[in-house]
Structures are given as structure tokens and as C-alpha cells.
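Q: Let me begin by handing over the structure; questions about it come next.
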Amino acid sequence: MTGVNDDVPGGRELLRVEGVTKSFPGVRALDGVDMSLRAGEVHVLLGENGAGKSTLIKMLSGAHRPDDGRILADGGQDGSHDGLHEVHIRSAQDAERLGIATIYQEFNLVPGLTVAENIFLGRQPLTALGLVDKKAMRARAAELLERVRLDVSPNTPVAELGIARLQMVEIAKALSLEARILIMDEPTAVLTSEEVDTLFGLVRELRESGVGIIFITHHLEEIGALGDRVTVLRDGRSVDEVPASTDEDELIRLMVGRDIAEQYPRQRPEEPGAPLLRVRGLTRNGPKGLPVFQDVGFEVRAGEVVGLAGLVGAGRTEVARAIFGVDAYDAGAVEIDGTELARGDVRAAMRAGLGLVPEDRKGQGLVLDASLQDNLTLARLDRDTRGGLVDRGAQRREAARVAGQLKVRMSGLGQSARTLSGGNQQKIVIGKWLLTDTRLLILDEPTRGIDVGAKVEIYQLINELTAAGKAVLMISSDLPEVLGMSDRVLVMSQGRLAGELPAAEATQDAVMELALQAAPDDTTNHDESAMEGSDVR
Amino acid sequence: MSAEVKTGAAAEAVGEAPDRDGFGPWFSRAVLRNGPLGGLIALVVVMAVLSRDFLNGQNLLNVGVQASVTAILAFGVTFVIVSAGIDLSVGSVAALSATVVAWAASNEGLPVVVAVLLGLAVGAAAGLLSGALVAYGKLPAFIATLAMLSVGRGLALVISGGSPIAFPASISKLGDTLGGWLPVPVLVMIVMGLIAALILARTYTGRAMFAIGGNEEAARLSGIHVKRRKLVIYALSGLFAAVAGIVLAARLTSAQPQAATGYELDAIAAVVIGGASLSGGSGKASGTLIGALILAVLRNGLNLLSVSAFWQQVATGLVIALAVLLDTLRRRSAR
């Protein structure tokens with residue numbers, strides 16, 4: 001299973017991991033992992049959250065050291081190419097010398113510096129006087145940007161770029177290091193499908209040029225499209241290595257160690273209930289007279305799941321935040337049971353029965369260093385306060401009940417939210433709203449970065465909610481998920497509601513056609529990058 | 001968007017336990033495991049060995065008295081630091097409140113009870129104003145409370161005309177002892193500590209402090225009225241500062257407009273030594289009490305050892321750095 005057999009694509013072996021083991025207090029993160037990477041190969045690392053993917057790539061990038069096992073790389077610390085031999089990667093610098101570059105989900109970029117400065121951070125070309133040679137730096141940055149087909153000036157501050165472009169800057173930086181091994185941790189998680197296409201094109205080019213790429217993704221359909229081989233990790237072990245052409249069901253089975261009956265277990269209601277939420281003519285003007293969203297109107301009925309699809313930057317998150325009272329809006333109305341909600345008042349929205357699971361779980365959903373109990377009961381703090389004192393006993397009971405209901409994998413309610421896996425963190429954010437009288441739950445990218453097993457659990461929870469007469473408004477950039485779970489699909493494009501499709505008519509093509517629709521008055525020419533930026537908080 | 005672009009590797013590394021390869025003798029381990037309390041005990045042991053007079057009951061009560069004003073100020077500052085803010089104004093607010101009490105009682109002849117209530121109200125109002133600047137004016141807490149530091153001190157000087165005002169005899173009793181042995185400042189410190197602990201652990205505002213300090217956006221999206229809570233948090237800090245100011249003036253039997261200068265730094269140091277993080281979301285009243293006691297034990301012990309006041313400052317600085325360093329190590333190894 002070390003992958004030395006030669007019936008695999010790609011060239012010379014660049015990297016081999018043999019029996020690598022790593023323990024943290026209380027957890028065996030990696031337990032005898034084997035893997036190999038060849039030049040000119042895209043090697044997918046697949047596994048549920050907590051399976052050990054992050055630990056493995058951190059080991060390859062010098063952030064962790066193995067307790068046991070060996071890492072072999074082609075070429076020594078001095079950059080020679082004389083076949084595989086054991087290496088000790090003790091720091092990011094060691095990894096860099098071995099030609100290993102890693103692109104994390106959270107980028108290593110300094111927002112205030114320009115693109116060129118970020119690419120050459122710490123390695124700026126110098127003039128004879130020892131000053132930074134800005135001209136040379138810009139010229140070299142421009143070359144790299146052209147290679148990654150990123151059409152921005154090297155002088156642009158990275159703070160002005162959206163996520164997709166930030167990622168391209170990271171890749172340019174990796175290219176500038178002449179990386180021979182490129183590790184990409186879920187690069188597509190935050191990209192729209194168009195951006196994914198661009199990224200794939202670039203990855204294929206790198207593969208052609210002989211770079212070995214370790215690619216982590218939760219999107220199974222990407223594996224066949226891009227990958228050559230797949231190493232599946234489960235519970236810290238490398239359970240199998242299979243060709244990327246392996247079918248999805250088999251991959252899921254390897255990953256979770258059991259069969260998952262159905263990926264989208266939506267039970268659609270016979271007929272929807274009474275209207276719960278009605279949004280009319282919702283409009284918010286942006287800074288330069290451009291609307292953030294305009295004249296958005298729709299209805300959500302009890303027992304329904306309504307999907308809100310569209311490209312990143314189409315204004316979906318902004319509409320959700322306006323409905324929930326986080327941001328104010330300029331015109332229109334939000335009604336619950338026919339009663340208009342006050343603008344910009346989260347508490348009023350909560351009293352009316354709304355709940356919001358924000359897109360950025362760690363940044364907006366959780367108090368990471370607080371306990372699970374405190375996180376779960378945060379939205380009901382006032383109702384647990386009696387006679388001026390918080391009833392901690394009631395909080396503990398309620399938190400324990402909902403953690404049990406959601407099957408949160410934890411050591412106890414006192415555990416901090418930071419230490420949970422992504423899927424379990426998301427359960428906590430959702431659980432918070434199960435502990436209030438939420439009747440309409442707005443889910444913004446509910447399964448982003450979550451493994452298949454946890455996804456299905458969240459879908460089942462959505463079913464339970466709607467079966468109990470509650471409603472769900474689900475924003476998602478994962479089209480199969482929107483189509484699989486929604487009873488109706490609303491599509492937003494450039495701040496407007498471009499159309500509505502019942503489940504029966506909602507296909508990928510139909511949704512994409514609406515999502516790409518231009519605004520009726522084409523004079524409002526949106527700057528796409530600015531829109532992207534505004535979506536990244 | 002800056003939240004998204006963070007130094008990934010560094011941010012990740014914080015969450016991980018370091019590789020452990022034998023960590024010194026049992027002594028440092030015991031200190032690491034028990035945090036600030038271990039540090040206090042170690043310091044007491046060292047002082048007791050070095051000076052015969054240290055463990056004397058009367059001296060220990062002295063330490064308590066010396067710690068009391070810092071501790072009461074620090075309890076109030078704990079609220080602010082837990083909510084990821086900072087309050088630099090507490091020393092000035094303490095002096096202002098004490099001056100108001102003395103002025104109202106001694107110069108204007110108001111009943112002592114009214115004078116004290118007025119002093120407490122002034123402290124709370126000063127905090128409320130800082131809170132309003134932070135919450136609604138969107139000023140950084142550092143700047144808002146730095147302004148209040150100057151304004152508070154200035155007003156104390158204006159009201160007093162720059163010279164001390166005698167404190168009414170009936171409240172000066174606060175500086176005395178109870179039953180001939182228990183110093184009242186120590187008692188006030190304990191009561192204020194219990195109140196602070198109750199606020200932090202069991203009240204809506206207290207729980208909200210942790211949520212706001214841990215993740216303000218998550219707190220807001222969970223229906224916590226963050227701005228209103230900040231008003232309450234800074235007002236509480238001002239109120240605790242007023243109590244500290246009155247205790248200090250009672251000990252000195254006069255309200256001095258220049259009193260408690262620089263005490264805000266001791267208070268912040270006590271909170272941080274006690275294990276709170278300046279980035280918010282963590283902190284305990286008991287830790288803050290221990291922090292204040294560590295500072296007081298150190299000064300008292302160094303006095304007993306006849307170490308010069310100049311060297312005492314050096315030692316205090318080193319202890320602050322060491323305490324926080326140890327606490328950081330302890331947290332990392334506990335993860």
C-alpha cells in the first residue's frame with residue numbers, strides 16, 4: 001500500500017509517507033498512515049473531518065512532527081534530485097527547501113500589503129543598496145499572475161480581493177517558490193463553479209509541468225474530474241488507495257466505513273402549510289448607489305424547505321442578514337405571520353421565531369473558546385435568567401438534551417467549541433436555535449466544509465424540523481444540495497431575485513441559467529470583485 | 001474581510017498541544033498545573049523563607065489591606081477585559097468619586113449616605129460615558145478610557161481645588177479594623193470579590209461579557225444587545241472604581257485628587273496575572289484576587305527585605321511578565 005507499483009499515472013515518486021503516527025493528548029490523530037505522491041499527479045486525500053487529513057498535511061509542511069514512521073522525499077535539503085530518502089521536516093523553512101508549498105483554507109496573506117509584496121513576503125528582491133527592489137518585484141509578480149491567469153495589478157492591496165483571487169495569489173506565491181509538491185486544503189470550498197473551473201485548469205497545467213499535487217476536497221464529483229489517485233483516511237488510518245475513477249458510493253463507503261443510504265434524504269411534504277415568512281420589495285442600497293439587493297420578495301410556508309441559490313456575491317447572505325435584523329435595509333418589509341418585523345432588530349426577529357445559522361461558523365456562529373453549554377444556550381440567555389440570575393442548571397439540562405438529540409461527538413458539555421470537528425461545530429450552531437422557539441431557520445451554507453456523514457445528519461435534522469411544521473430557508477452554493485433538499489428553489493442574480501423553480505423543474509442547468517442572468521437594466525454594471533469582497537467578512 | 005485572511009499556520013498552531021519532552025522539575029510542574037494560585041503559594045513560600053516577619057498574622061493582614069484597593073479596581077476591570085475591552089480610567093475615576101464624596105459631605109454638608117451614593121453614581125456615570133463612547137461612538141476602548149483617565153483626574157482637581165479634602169469621620173471607619181483585628185478594606189475586598197464572581201458566573205450581563213469578549217459577532221447574532229451590554233459593563237467598572245476610591249480615601253482619612261494615580265496599571269496587571277486574556281472571553285474573579293495578592297505579597301515582602309523602591313519596580317515588572325508567561329505555557333499544555 002505504499003504505492004510503489006508502477007501501474008499508476010505520473011512520473012517519478014516525489015514523496016512517500018510510511019507508517020506515520022501522531023498522537024495528541026487524548027487523541028491518536030494519525031495511526032500508521034501510508035501515502036505516496038508522484039510527479040505530474042493529482043493525489044486526492046479523502047476523509048471525514050477528524051480523519052487526520054489536516055494533521056498529515058501539517059506534518060508535510062513542518063507544523064507537526066511524526067511520533068513514528070518516516071517521510072521520504074526526492075531531493076535533499078540542499079535541493080538535489082537523487083531519489084527518495086528520509087527527511088525531517090521541522091519547520092516551514094524545511095518544507096520550503098524540499099519544494100513543498102501548502103495552501104491552507106485560511107490564507108497566509110497580509111491584507112494591508114499588495115499582491116506583489118505578499119507573493120515575495122520575506123524574500124523581496126533587493127537592490128545593491130539593500131533596499132527592496134520594487135520594480136523587479138512587481139515585474140516578477142506580474143509574470144506569476146499571468147501564469148495563474150489572475151487579472152489584477154501587482155500593486156493591488158490583497159484586502160481588495162475576493163476569496164477566489166486570494167487563492168490565486170496563494171498559488172502564485174507557491175509558484176514563486178518553485179514548489180514541486182503543492183498541497184491544497186479544500187481549495188474549492190469557497191469558490192463558485194466558474195471559479196472552480198479556472199482553478200481546475202490551473203491545477204491541470206501544473207500537473208502537466210510535473211508538479212505533484214495533494215488535493216483535499218469534500219466534493220466527491222471533483223475527484224473524478226481532476227484526480228489521479230485517492231488515498232482514503234478514516235480515524236487516522238489510511239484505509240485504502242484507489243484510482244480516482246472509483247464511483248462515489250464506493251468512495252463514501254470507504255470514507256465512513258459504512259453505506260450511506262441516500263445522500264439527500266429529503267422527505268417532501270404532501271402540501272405546504274400556511275405562509276410563515278413573507279418578504280416584500282426588500283431593497284438595500286450599497287455605498288456607490290449600487291443596490292446590494294433590490295426588490296426581493298418571496299414567501300416561505302410552514303413545513304417547507306426553500307433553497308436560495310446563486311453565485312457568491314449575488315446578495316443571498318445580505319438578504320438573509322436583513323431578514324434576521326442583523327443589517328438594516330432601505331425599503332420593503334419582512335412579515336412573520338402577517339406582522340411586520342422591526343428593521344435591524346435581531347431580538348425582534350428572534351421573538352418572532354427566526355433563527356440564523358451564519359455562513360462563517362467560526363467567525364460568526366460560535367464563541368470558539370467558550371464551552372459547548374455556553375454556546376448552545378447563548379440565544380436563550382435571557383429566558384434562562386430568573387430574578388436576575390442565570391439558571392445554570394436549566395442551561396445544562398437543555399444543552400445536554402439538544403446535544404444528545406443532535407448526536408454531537410464531544411467529551412462533555414464543558415469542552416470548548418474550538419476543539420470540535422467542523423460537522424460537530426455546525427451541529428452546535430444549529431442546536432442553539434433548537435433551544436429557542438425557532439419556527440423559521442435560515443441556514444447559510446449549512447454544510448460548507450463538512451464531511452458526508454455529518455452532512456446527511458444535518459439533512460435529516462432539516463427533515464425533522466419541517467415535519468414538525470417548521471420551515472427552513474437554505475442558502476447554499478452546493479447545487480446538488482440545493483436541488484436535493486429544497487421544495488422550491490429561489491435563484492438570485494446580481495442582487496435581484498431572478499426566478500423561482502419548484503423542485504420538479506429545478507435542474508442544475510435551469511438554476512445556473514437564472515443565476516447567470518444579467519440585471520434587467522444593464523447599466524448597473526456590477527464590479528464582480530467588489531461584490532465578492534463584500535461577501536467575505 | 002481581514003478575518004478571512006489570517007496567518008493560517010500560526011492560527012492553527014495555537015490550537016495544538018506542543019510536543020512534550022520532559023518539562024522541568026516537579027516544582028515548576030505544580031506551578032504550571034495550578035496557575036496563578038500556584039504562583040501565589042510559591043511566592044509566599046519564598047518570602048516566608050527569606051523573612052521571618054512575613055508569616056506574622058498582622059503582616060498578612062497588612063498584605064490584605066495593601067491588596068484591597070488594587071483588587072477592588074481590578075474586579076471592575078475584569079468585567080471589561082473579559083468582554084475584550086480595556087479600562088484605563090479606573091484610577092482617575094476612583095479619585096474623582098472619593099473627591100465627590102468628601103466634597104459633598106465635608107464642604108456641602110450633605111448627609112454621609114447621600115454623599116456616598118453620589119460618589120458611587122459619579123463613578124458609574126463616568127463608566128457609562130466611557131461605555132457610550134466605545135459602544136455607540138465606536139471609539140477604541142483604549143482611547144475612550146484614556147480620555148476618561150484625563151477627564152476624571154481633571155474633574156477631581158477642579159472639585160477639590162487641587163488640595164485634599166477631609167473625609168467624613170463616619171466613612172473613614174472603612175479604613176479601620178473590625179473587632180480590633182479584621183481590617184475593613186479586606187472585608188470590602190472580599191464582599192466586592194464575591195459580587196464580581198456572582199456577576200461573572202451567574203448574571204445575564206456576566207455571561208454576555210464572555211460571549212462578547214469571545215466573539216462579538218456571534219453574540220450579536222444570538223440576540224445579545226451588545227451595545228447596551230457594553231454600557232453596563234463599563235458602568236460596573238466605574239462603580240467598582242468608586243468603591244475602591246472610597247476605601248482608599250477612608251484609609252488616608254482624606255480624599256486626595258492625586259490619589260490612585262497609575263493604579264489602573266496595577267489593576268490590569270492583577271487581572272492578567274489572574275489568568276484573563278487581554279483578547280477577551282476568559283477571566284475569573286478568584287484569579288483577579290490572586291493577581292492582586294501576588295502584587296501585594298511581592299511589594300510587602302520586598303519591603304521587609306529592605307529592597308529599594310527602585311528595585312521593587314523592576315521586580316514587579318519581572319513578576320508580571322513571568323506570571324503571564326507561565327500562564328500561557330500552562331494553557332498550551334492543557335489543550
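No lab work stands behind these numbers, since they all come straight from the coordinates. Owing to the predicted nature of the structure, the values given are computational and were not obtained by experimental measurement. As a convention, Cβ positions derive from the backbone with ideal geometry for all residues, glycine included, and neighbour counts pool all protein chains shown.
Q: What's the center-to-center distance, using Cα atoms, between segment A:285-326 and segment A:15-66 in Å?
A: With segment A:285-326 and segment A:15-66 each reduced to a Cα centre, they are spaced 40 Å.
Q: Based on Cβ point charges of +1 for Lys and Arg and -1 for Asp and Glu, what charge dipole magnitude is obtained for segment B:168-250 about its Cα centre, in debye rounded to the nearest 20? Let's see the in-between values first.
A: Working: 8 positive and 3 negative charges, 69 e Å.
Using only the charged Cβ atoms, the result is roughly 340 debye.
Q: Give the average, rounded to an integer, of partner chain Cβ atoms located within 10 angstrom of each Cβ in A:366-375.
A: Numbers: counts 4, 13, 5, 9, 10, 1, 0, 0, 4, 5.
For peptide A:366-375, the averaged partner shielding equals 5.
Q: Ignoring solvent entirely, what values of log10 I(q)/I(0) come out of the Debye formula for segment A:398-506 at 0.16, 0.20 Å⁻¹ when each Cα is a single scatterer?
A: -0.77, -1.11
Q: A follow-up question, please. How are the C-alpha pair distances of segment A:266-357 spread across 10 Å bins, as whole percents from the shortest bin up?
A: Percent of Cα pairs in each bin: 16, 48, 30, 6, 1.
Q: Report the normalised scattering of segment A:254-298 as log10 I(q)/I(0) at q = 0.19, 0.32 Å⁻¹, calculated by the Debye formula with identical scatterers on the alpha carbons.
A: With one equal scatterer per Cα and no solvent, log10 I(q)/I(0) is -0.75, -1.07.
Q: Expressed as a fraction of 2.2 N^0.38 Å, the rule-of-thumb size for a compact globular protein of N residues, what is the C-alpha radius of gyration of chain B? Each step should come with its number before you reach the end.
A: Numbers: Rg = 20.6 Å, N = 335, 2.2 N^0.38 = 20.0 Å.
Normalised by 2.2 N^0.38 Å, the Cα Rg of chain B equals 1.03.
Q: How large is the Kirkwood hydrodynamic radius of segment A:108-177, in angstrom, based on all distinct alpha carbon pairs? Don't jump to the answer; show the numbers that get you there.
A: Working: mean 1/r = 0.0845 Å⁻¹.
With all distinct Cα pairs of segment A:108-177 included, I get 11.8 Å.
Q: While we're on this one: How many nm is it between the label spots at A:ARG409 and B:ALA321, if each spot is 7 Å from the Cα in line with the beta carbon?
A: Here the answer is 4.4 nm between the modelled labels.
Q: For the pair A:ASP437 and A:ASP327, what calculated FRET efficiency results from E = 1/(1 + (r/R0)^6), where r is the Cβ-Cβ distance and R0 = 35 Å, to the nearest 0.05? Numbers along the way, then the final one.
A: Working: r = 23 Å, r/R0 = 0.67.
It comes to 0.90.
Q: Would you please give the FRET efficiency between A:ARG204 and A:ASN155, computed as 1/(1 + (r/R0)^6) with r the Cβ-Cβ distance and R0 = 30 Å, to the nearest 0.05?
A: About 0.55, to the nearest 0.05.
Q: Shifting gears a bit: Between A:ARG253 and A:LEU121, what is the FRET efficiency for a Förster distance of 41 Å, r being their Cβ-Cβ separation, to the nearest 0.05? The partial results should precede the final answer.
A: Details: r = 43 Å, r/R0 = 1.05.
Efficiency computed from Cβ-Cβ geometry: 0.40.
Q: Counting only other chains, and only Cβ atoms inside 10 Å, what mean value do you get across the residues of B:322-328? Intermediate results must be reported in sequence, preceding the final value.
A: Values: counts 0, 0, 0, 0, 0, 0, 0.
If you average over the peptide's residues, the count of other-chain Cβ atoms is 0.
Q: Of A:LYS58/A:LYS455; B:LYS227/B:LYS284; A:LYS432/B:LYS284; A:LYS427/A:LYS455, which sit over 18 Å apart, Cα to Cα? Each step should come with its number before you reach the end.
A: Working: A:LYS58/A:LYS455 25 Å; B:LYS227/B:LYS284 23 Å; A:LYS432/B:LYS284 25 Å; A:LYS427/A:LYS455 10 Å.
Pairs exceeding 18 Å: A:LYS58/A:LYS455; B:LYS227/B:LYS284; A:LYS432/B:LYS284.
Q: Pairing the Cα long axis of helix A:163-176 with the longest principal axis of chain A, what angle in degrees results, from 0 to 90 and rounded to the nearest 10?
A: 10 degrees
Q: Charges only on Cβ, +1 for Lys and Arg, -1 for Asp and Glu: so what's the dipole of segment A:108-177 about the Cα centre, in debye to the nearest 20? Provide the component values of the computation, followed by the final result.
A: Working: 9 positive and 7 negative charges, 28 e Å.
Computed charge dipole of segment A:108-177: roughly 140 debye.
Q: Treat segment B:194-335 as a sphere of radius equal to its Kirkwood radius over Cα pairs and apply Stokes-Einstein at 25 °C in a medium of 0.890 mPa s; give the translational diffusion coefficient in µm²/s, rounded to a whole number.
A: On the way: Rh = 17.1 Å.
D, rounded to a whole number, is 144 µm²/s.
Q: Could I ask something else about it? Going through the DSSP H helices of chain B, which span 27 Å or more along their own axis at the Cα atoms while scoring at least 1.6 as a mean Kyte-Doolittle hydropathy? Write out the running numbers ahead of the final one.
A: On the way: long enough: B:57-82 (34 Å, 1.51); B:112-135 (34 Å, 2.43); B:141-160 (28 Å, 1.85); B:226-252 (39 Å, 1.27); B:285-304 (28 Å, 1.36); B:309-334 (37 Å, 0.78).
Those that pass (Cα extent of 27 Å or more, hydropathy at least 1.6) are B:112-135, B:141-160.
Q: Translational D (Stokes-Einstein, µm²/s) of the protein assembly as shown at 4 °C and 1.567 mPa s when Rh comes from the Kirkwood sum over C-alpha pairs? Working shown, then result.
A: Numbers: Rh = 30.2 Å.
For these conditions, the coefficient is 43 µm²/s.
Q: Find, among the trypsin sites (Lys or Arg not before Pro) in segment A:389-443, those assigned to loop by DSSP (not H, G, I, E, B) with at most 14 other beta-carbon atoms within 10 angstrom.
A: On the way: sites: A:ARG392, A:ARG396, A:ARG397, A:ARG401, A:LYS407, A:ARG409, A:ARG418, A:LYS427, A:LYS432, A:ARG439; in loops: A:LYS407, A:ARG409, A:ARG439.
Hits after loop and neighbour filter: A:LYS407, A:ARG409.
Q: Further question: Taking the Cα centre of each part, how many Å lie between segment A:218-266 and segment B:177-219?
A: If you average the Cα positions of each part, the centres end up 53 Å apart.
Q: On to the next question. Identify the chymotrypsin sites (Phe, Trp or Tyr not before Pro) of segment B:98-147 meeting these criteria: DSSP loop state and at most 13 other C-beta atoms within 10 Å of the C-beta.
A: Numbers: sites: B:TRP103, B:TYR136, B:PHE142; in loops: B:TYR136.
Within segment B:98-147, the qualifying chymotrypsin sites (Phe, Trp or Tyr not before Pro) (loop, at most 13 other Cβ atoms within 10 Å) are B:TYR136.
Q: What ranking do A:LEU514, A:LEU378 get, fewest neighbouring Cβ atoms within 10 angstrom at the top? If you can, show how the numbers build up before the last one.
A: Numbers: A:LEU514 21, A:LEU378 29.
Ordered by Cβ neighbours within 10 Å, fewest first: A:LEU514, A:LEU378.
Q: What dipole magnitude, in Debye to the nearest 20, does the protein assembly as shown give about its Cα centre under +1 on Lys/Arg Cβ and -1 on Asp/Glu Cβ?
A: Working: 83 positive and 97 negative charges, 928 e Å.
Here the protein assembly as shown has a charge dipole of around 4460 debye.
Q: Would you grab the residues whose amide H sits under 5 Å from the one on A:ARG234? Only those 5+ places off in sequence or on another chain, please, with H modelled 1.01 Å from N.
A: A:VAL239
Q: To the nearest 10 degrees, how steeply does helix A:193-208 sit against the main Cα axis of chain A, on a 0 to 90 scale?
A: 10 degrees
Q: For segment A:433-439, what does the Karplus curve 6.51 cos²θ - 1.76 cosθ + 1.60, with θ = phi - 60°, yield as ³J(HN,Hα) per residue in whole Hz, taken in order and with x for Gly and Pro?
A: 7, 6, 8, 10, 7, 7, 10
Q: According to a simple spin-label model (label point 7 Å from Cα along Cα-to-Cβ), what is the distance in nm between A:ALA504 and B:LEU198?
A: 6.5 nm
Q: Stick to Cα atoms and the Kirkwood definition of Rh, then tell me Rg/Rh for segment B:124-171. All intermediate terms of the calculation are to be shown ahead of the outcome.
A: Numbers: Rg = 14.0 Å, Rh = 12.2 Å.
On the Cα set of segment B:124-171, Rg over Rh gives 1.15.
Q: If you don't mind, another one. Highest mean first, what order results for A:65-71, A:179-185 on Cβ atoms within 10 Å?
A: Working: A:65-71: 15.9, A:179-185: 23.6.
Highest to lowest by the protection proxy: A:179-185, A:65-71.
Q: Could you give the angle, 0 to 90 degrees to the nearest 10, between helix A:392-405's Cα long axis and the longest principal axis of the Cα atoms of chain A?
A: 70 degrees
Q: A follow-up question, please. Report, as a whole number in µm² per second, the diffusion coefficient that Stokes-Einstein gives for segment A:369-436 at 20 °C and 1.002 mPa s using the Kirkwood radius over alpha carbon pairs. Before the final figure, lay out each step's value.
A: Working: Rh = 11.8 Å.
Answer from the Stokes-Einstein relation: 182 µm²/s.
Q: Dipole of chain B (Lys/Arg Cβ +1, Asp/Glu Cβ -1, origin at the Cα centre): which of B:LEU231, B:PHE310, B:VAL243 lies farthest to the positive side?
A: Highest projection toward the positive end goes to B:LEU231.
Q: A follow-up question, please. Suppose we flag GluC sites (Glu not before Pro) only when DSSP calls them loop and at most 12 other Cβ atoms lie within 10 Å. Which is the longest uninterrupted stretch of chain A? Can you show the working numbers first?
A: Numbers: sites that count: A:GLU178, A:GLU262, A:GLU270, A:GLU505.
It runs A:271-504.
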